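One structure is given below, encoded as structure tokens.
The values are calculated or read from the model by the stated rules, or taken from the named source; none is laboratory data. From a predicted model like this one, the values you see are computed outputs, not experimental measurements. Please note: Cβ atoms are built from the backbone with ideal geometry, for glycine as well, and neighbour counts cover all protein chains shown. These accessible areas exclude ligands, DNA and RNA; they are computed on the full protein's heavy atoms, side chains included. Shrake-Rupley method; radii C 1.70, N 1.55, O 1.52, S 1.80 Å.
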Amino acid sequence: MSLPSLSKKDQINIVGAGIFGLSTALHLARRGYKYVTVFDKQPYDTTLYSYFKGCDGASADINKIIRSAYGSQTEYQQLSTEAIASWKQWNSDLENGFDLPEGMSRADRVFIQCGSLSLTDGDELPEFEKATIKNMEDAGHKDTQLITTNQEHQTIAQARGMGSAMDPFLREKRGKSNVGVLDATGGVAIADKACRVALQKARNLGARFVFDPSAGAFDRFMTTSGGDVIGIQTKDGKRHPARLTIMACGGWTPSLLPELDGLCEATAGSVIIYKIPRASSLWERFSPERFPTWLWKVRDGAEGGLYGFPRDENGYLKIGYRGTKYTNPERQEDGIERSVPITRWTEDHQLRKIPSQAMKVLRRFIAEYMPELEDEGLEIETTRVCWYTDSFDNHFVIDHVPEKRGLFVATGGSGHAFKYLPNIGNWVVDAIEGIGQERAAIQAWRWRDLGDQKAFNVLMEGTKGARALGNVSLIDEHEETRAKL
Ligand SMILES: Cc1cc2nc3c(=O)[nH]c(=O)nc-3n(C[C@H](O)[C@H](O)[C@H](O)COP(=O)(O)OP(=O)(O)OC[C@H]3O[C@@H](n4cnc5c(N)ncnc54)[C@H](O)[C@@H]3O)c2cc1C
């Protein structure tokens, strides 16, 4: 239900300071909205978007993949092109000392263009990759999608200093197949630092942030008798009236906003992290100068779905599994089961393990593609589950909430929204203001029903579902080590 005549002087509340909340605050402030307040239960000014310091939102991470490769989904391809230009601008802002967050320096970067490699174990490129190559060429980005087995492309990659990124797992040297495409426009976002930069930029433009487990935590909506939303109440009991409230709580959104039933669900991805010692020869080998972000059989179900990164500045080498997305269904007050995030840092119950299936696929891959980790005696340093907000069709959800005047939602990242931190907020503000509604992306992100479509992500299977964490065996790095002894 759209909001007529929102004025630049109206109060706007945003709940959640992940990438959707941050980017929306930044772009609202850029467009001249004077009273934008973002609430988050995380004390991000002290935890600095670091998972290791207690942050458990999807955006609070060491790194994320940036890619233009989107197969036939050209609306996201275009969005990536726009985002990558902004990522480069943010790097240059840092270099010039603009919007520099406290504790970061001019030498910091938020985007490293080390390439993003998509690999298959088959003999032929999957249709998705073929579509990407065509659509990037059609959009004028020739020679950005480099086929690993094509000699001409290998030469182009060499000339761009990306030669080693074409075969980062040394497959050819090992006499193994290496079929894939390097998206040379892509690379890695330094996620925690990027969130800090976005925060600084939004603050510099006048947006306010309330980061506190009580004063920043959403408790309930303030509503009129007719059901319009006229603000929020936070956990400390304070009321915050607003003309517009935007819910951007990532994996927590579906349980805070039951209207999303059937449209979005919180699901967990599994992550393992190694630590490469600075003295190890692997420090250079897995550096972003030599090693790309990568995806392996990412659309191939439970036995595939891996992705990974070069090591970061502290030596952390992260590898993730999304072949199965797990759920944590809990019965809520209205009697309906909804999946809610559970992490190492949640208050009541914590989860320090990952599903054994994830560990099995990760181990198998490492033995075959990265044997040097085990050869050097490196153990997994830590494991993490990280919560996606999946929509049934994998598109974001950016729209006014039907029948709730004054309420808007920006969520449904579906595992691929981080790369749009610099620009997604601009689109959110367009959707709020009703600008360019005919564009394919805005249409895709509208409030919607599954109807007769086949779901890309099957949602709300509940406690009986095979992907519910209560129904799967779990393992952590210590148990694994003990099992091997
Ligand atoms: C394992 C994993 C890997 C991913 N990899 C990539 C990738 O490589 N590339 C990519 O582009 N994308 C990736 N994504 C997707 C991307 O991280 C997400 O789409 C994006 O970060 C979601 O941002 P968000 O703002 O919706 O949610 P979040 O980052 O989760 O932020 C939600 C915020 O809401 C706050 N909140 C929750 N409840 C309340 C409350 N009651 N009151 C106040 N605040 C509250 C939380 O504290 C949090 O700060 C990945 C996601 C996961 C889970």
For the subset of the range 54-80 comprising residues that are away from the ligand (no atom under 13 Å from the Cβ) and more than 17 Å from the chain's Cα centre (by Cα), which member is least open to solvent (accessible area, probe 1.4 Å)? Gly71
Suppose we keep only residues that are surrounded by fewer than 24 Cβ atoms within 10 Å (Cβ to Cβ) and within 26 Å of Leu351 (Cβ to Cβ) within the range 393-416. Which one would you say is farthest from the ligand (Cβ to nearest atom)? Asn394
Every residue in the range 117-127 that is β-branched (Val, Ile, Thr) and either assigned to a helix (DSSP H, G or I) or open to solvent by 60 Å² or more (accessible area, probe 1.4 Å) (or both), please. none
Hits in the range 152-184 - residues which are β-branched (Val, Ile, Thr) and crowded, with 20+ Cβ neighbours inside 10 Å: Val181
Could you list, in sequence order, all residues of the range 213-234 that are part of a strand (DSSP E or B), within 14 Å of the ligand (Cβ to nearest atom) and open to solvent by 10 Å² or more (accessible area, probe 1.4 Å)? Phe218, Asp219, Arg220, Phe221, Gln233
Could you check the range 37-53 and list, in sequence order, the residues that are within 11 Å of the ligand (Cβ to nearest atom) and not aromatic (Phe, Trp, Tyr)? Val38, Asp40, Lys41, Gln42, Pro43, Thr47
Filter the range 297-316 for residues that are among the hydrophobic types (A, V, I, L, M, F, W, C) and surrounded by fewer than 23 Cβ atoms within 10 Å (Cβ to Cβ) and give the result. Val298, Ala302
Which residues, taken from the range 13-36, are more than 16 Å from Asp192 (Cα to Cα), of a type in the set (Val, Ile, Thr) and within 12 Å of the ligand (Cβ to nearest atom)? Ile14, Val15, Thr24
Within the range 349-357, identify whether any single residue is in contact with a strand residue (DSSP E or B) (Cβ under 9 Å, 6 or more places away or on another chain), more than 16 Å from the ligand (Cβ to nearest atom), open to solvent by 10 Å² or more (accessible area, probe 1.4 Å) and within 20 Å of Ile475 (Cα to Cα), and answer yes or no. yes
If you check Val340 against the conditions, is it closer than 28 Å to Val428 by Cβ, of a type in the set (A, V, I, L, M, F, W, C), surrounded by 15 or more Cβ atoms within 10 Å (Cβ to Cβ) and out of contact with any helix residue (DSSP H, G or I) (no Cβ under 8 Å at 6 or more places or on another chain)? no
Testing Gly434 on (1) touching a residue at least 24 places away in the same chain (Cβ under 8 Å); (2) open to solvent by less than 20 Å² (accessible area, probe 1.4 Å), one condition comes back false. Which one is that? (2)
Quick check on my filter: what residues within the range 450-481 are part of a helix (DSSP H, G or I) and open to solvent by less than 60 Å² (accessible area, probe 1.4 Å)? Gly462, Leu469, Glu477, Glu479, Glu480, Thr481
Given the range 235-322, what strands (runs of 3 or more DSSP E) lie entirely inside it while holding 3 or more residues that are within 30 Å of Met222 (Cβ to Cβ) and touching a residue at least 24 places away in the same chain (Cβ under 8 Å)? 244-247, 264-275
So, first residue closer than 9 Å to Ala184 by Cβ in the range 132-146, second residue of a type in the set (Ser, Thr, Tyr), Cβ within less than 6 Å, six or more apart or across chains; the pairs are Thr144/Thr185; Gln145/Thr132
Which one is farthest from the chain's Cα centre (by Cα) among residues in the range 320-352 that are within 14 Å of Leu469 (Cα to Cα) and among the polar types (S, T, N, Q)? Gln350
So if I check each of Ser287, Ser270, which one is within 16 Å of the ligand (Cβ to nearest atom), of a type in the set (S, T, N, Q), open to solvent by less than 40 Å² (accessible area, probe 1.4 Å) and not assigned by TED's automatic domain parsing to the domain that holds Val38? Ser270
Within the range 128-151, take every residue that is hydrophobic (A, V, I, L, M, F, W, C) and assigned to a strand (DSSP E or B) and give me the one that is surrounded by the fewest Cβ atoms within 10 Å (Cβ to Cβ). Ile147
